[in-house]
Amino acid sequence: MDAWTSEPVPPRYLHDRTPLERQGALVLQSKQCRNCHSLEGAGGQRGPALDSVASRLTEDQMIRQVLQGGGNMPAYGNALNPSETKALVAFLMTLRGNDLPPAIDASRDLAGAGQPQVPKHTGAQPVPETR
């Protein structure tokens, strides 16, 4: 098992990325995430491959997983500063495999279903409050 790789992030994962996303690729490499996770088959096998992680996890789920850990993954909340976490998650959000759709949080739709609808502005002026 190739449990560690010092190979750089494959160039195809950096093409057409924002500076923040590229910074996240550097965080992925410098914090040795690939000791446990692989990209294009290179890296560790203890954790899941990251090639399509954004099709499995939402941004919120990724942030929680990185900061709090869970399952086989330790927490990295104390090992990453907020800007590193933001950059790393921004990069991970670009990893959707063969153009798979991004993961969605179905509970957000359910939570919004019970919310009162805000009326659209009708052009009427607000009524002043009387006491």
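Computed from the coordinates by the stated procedures, all read-outs in this text should not be read as laboratory data. Since this is a predicted model, take the numbers as computed values, not measurements. Heads up, the Cβs are rebuilt from the backbone with ideal geometry, glycines too, and the neighbour counts pull from every protein chain shown.
Some points to look at:
- Those residues of segment 43-74 which are touching a residue at least 40 places away in the same chain (Cβ under 8 Å), closer than 22 Å to residue 99 by Cα and in contact with a strand residue (DSSP E or B) (Cβ under 8 Å, 6 or more places away or on another chain), in sequence order: 50, 51
- Answer residue from segment 6-25, given it is within 16 Å of residue 83 (Cβ to Cβ) and in contact (Cβ under 8 Å) with a residue 24 or more places away in the chain and is surrounded by the fewest Cβ atoms within 10 Å (Cβ to Cβ) among those: 18
- Within segment 36-78, if we keep just the residues that are touching a Lys or Arg at 6+ places or on another chain (Cβ under 7 Å) and assigned to a loop (DSSP other than H, G, I, E, B), the residue that is surrounded by the fewest Cβ atoms within 10 Å (Cβ to Cβ) turns out to be 72.
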